[in-house]
1. Quick check on this structure: which one of PRO231, PRO227 is within 12 Å of the ligand (Cβ to nearest atom), within 27 Å of PRO57 (Cα to Cα), over 17 Å from the mean Cα position of the chain (by Cα) and surrounded by fewer than 17 Cβ atoms within 10 Å (Cβ to Cβ)?
2. Can you pull out the residues in the range 5-18 that are part of a loop (DSSP other than H, G, I, E, B) and within 13 Å of VAL42 (Cα to Cα)?
3. Based on what the data block shows, is LEU34 at pLDDT 95 or above, open to solvent by 10 Å² or more (accessible area, probe 1.4 Å), farther than 28 Å from HIS211 by Cβ and part of a loop (DSSP other than H, G, I, E, B)?
4. May I ask you to verify whether GLY178 is within 24 Å of LEU11 (Cα to Cα), in contact with a helix residue (DSSP H, G or I) (Cβ under 9 Å, 6 or more places away or on another chain), buried (at least 20 other Cβ atoms within 10 Å of the Cβ) and in contact (Cβ under 8 Å) with a residue 24 or more places away in the chain?
5. On the basis of being closer than 24 Å to ARG14 by Cα and free of Cβ contacts under 8 Å to residues at least 60 places away in the same chain, does GLY38 make the cut?
6. Can you tell me which residues in the range 117-129 are closer than 12 Å to ALA171 by Cα and surrounded by fewer than 24 Cβ atoms within 10 Å (Cβ to Cβ)?
7. Quick one: is SER189 more than 14 Å from the ligand (Cβ to nearest atom), open to solvent by 20 Å² or more (accessible area, probe 1.4 Å) and touching a residue at least 60 places away in the same chain (Cβ under 8 Å)?
8. When you scan the range 15-31, how many residues do you find that are open to solvent by 40 Å² or more (accessible area, probe 1.4 Å) and more than 11 Å from ALA77 (Cα to Cα)?
Amino acid sequence: MSSPKVTVPALRARKAQGPKIAMVTAYDATMAKLLETGGADVLLVGDSLGMVVQGLPNTLPVTLDEMCYHGRAVSRAAVRAHVMGDLPFLSYQASPEQAVMAAGKLLKEGGCESVKLEGGRDFAEHVRRIVSASIPVMAHIGLTPQSVHAMGGFRVQGRGAEAAERLVEDAKILEQAGAFGLVLEGIPSDLGQRITESVSIPTVGIGAGPHCDGQVLVCYDFLGMYPDLRPRFVKRFAEVGDAIVEATRAYVAEVQGGAFPTDAHSFGSSPKLEPTGNRPVVGSLPPGYGPASGE
Ligand code: KIV
């Protein structure tokens, strides 16, 4: 029997009931399917795709249309996992009205089931208005990558009593505004714990210590596929990047040495006697890859 769909009420209930929320980013259907098979609860179509997919130095140039494109790919593959979409830079900051329209587009055209937006108390009204349009919102505070220039780089936030207090207040204000959860990024562990204990909605940490109600990592980071940046909070659970390089080397060597392809990877002239041992090749291939009609 397949596991039930991860819904927003189910995610909220995890705070009291556990287990912790396991969230990962996903940007395409193939990866989404693999991550869901691995048991991820939430697939976040993060604007981090600007860096790990598009090769940009930060997330600022990512557009809402690009987010919708990747959202469609991920939501096509996800069955059990909840699909959340990031509101990219300048798609929501200008006004609560702009925020509702952008969030709605991520659901209507991007196939997402909730949205995430960066920012503290200044965005409480934006959250309220999105939620009143029946769109679930997760807020994101602490190190907010869309504020990279204002922060002077990707720097840990909430250090010092005043900055910490402000983040605790932000968390409570966003909960009051209707956010169903909070991403806490790049803050000291004790502050992650304090915020988690101060709100009744789940917190999902990334570089916020072990006390949050869940964790999120960029999939390319925890799979060891993004060598450009290696923040302290990333644990590599595999070295998929190395495996890809090795496999590519083997492929190149076989192509150049003539060892690939062999008959086993080639088509015979009779569709009834394929070298795969008569396995019906046509059914397993996309349209256009089977024998021509009439054969
Ligand atoms: O864009 C993203 O991937 C994110 C997560 C790292 C939280 O916002």
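1. Working: PRO227 fails: within 12 Å of the ligand (Cβ to nearest atom).
Being within 12 Å of the ligand (Cβ to nearest atom), within 27 Å of PRO57 (Cα to Cα), over 17 Å from the mean Cα position of the chain (by Cα) and surrounded by fewer than 17 Cβ atoms within 10 Å (Cβ to Cβ) holds for just one of PRO231, PRO227, which is PRO231.
2. Taking the range 5-18 as the starting set, the residues that turn out to be part of a loop (DSSP other than H, G, I, E, B) are 5-7, 18.
Selection gives LYS5, VAL6, THR7.
3. On the way: at pLDDT 95 or above: yes; open to solvent by 10 Å² or more (accessible area, probe 1.4 Å): yes; farther than 28 Å from HIS211 by Cβ: yes; part of a loop (DSSP other than H, G, I, E, B): no.
No, not satisfied.
4. Values: within 24 Å of LEU11 (Cα to Cα): yes; in contact with a helix residue (DSSP H, G or I) (Cβ under 9 Å, 6 or more places away or on another chain): yes; buried (at least 20 other Cβ atoms within 10 Å of the Cβ): no; in contact (Cβ under 8 Å) with a residue 24 or more places away in the chain: yes.
In short, no.
5. Values: closer than 24 Å to ARG14 by Cα: yes; free of Cβ contacts under 8 Å to residues at least 60 places away in the same chain: yes.
Considered against the rule, which asks whether it is closer than 24 Å to ARG14 by Cα and free of Cβ contacts under 8 Å to residues at least 60 places away in the same chain, GLY38 comes out as yes.
6. Within the range 117-129, GLY119, GLY120, ARG121, ASP122, ALA124 meet the criteria.
7. no
8. 6
The values are calculated or read from the model by the stated rules, or taken from the named source; none is laboratory data. Being a predicted model, the structure only gives us computed values, none of them experimental. Here Cβ is always computed from backbone atoms with ideal geometry, including for glycine, and neighbour counts include all displayed protein chains. These area figures cover heavy atoms from the full protein model, side chains too; ligands, DNA and RNA do not enter into them. Shrake-Rupley method; radii C 1.70, N 1.55, O 1.52, S 1.80 Å.
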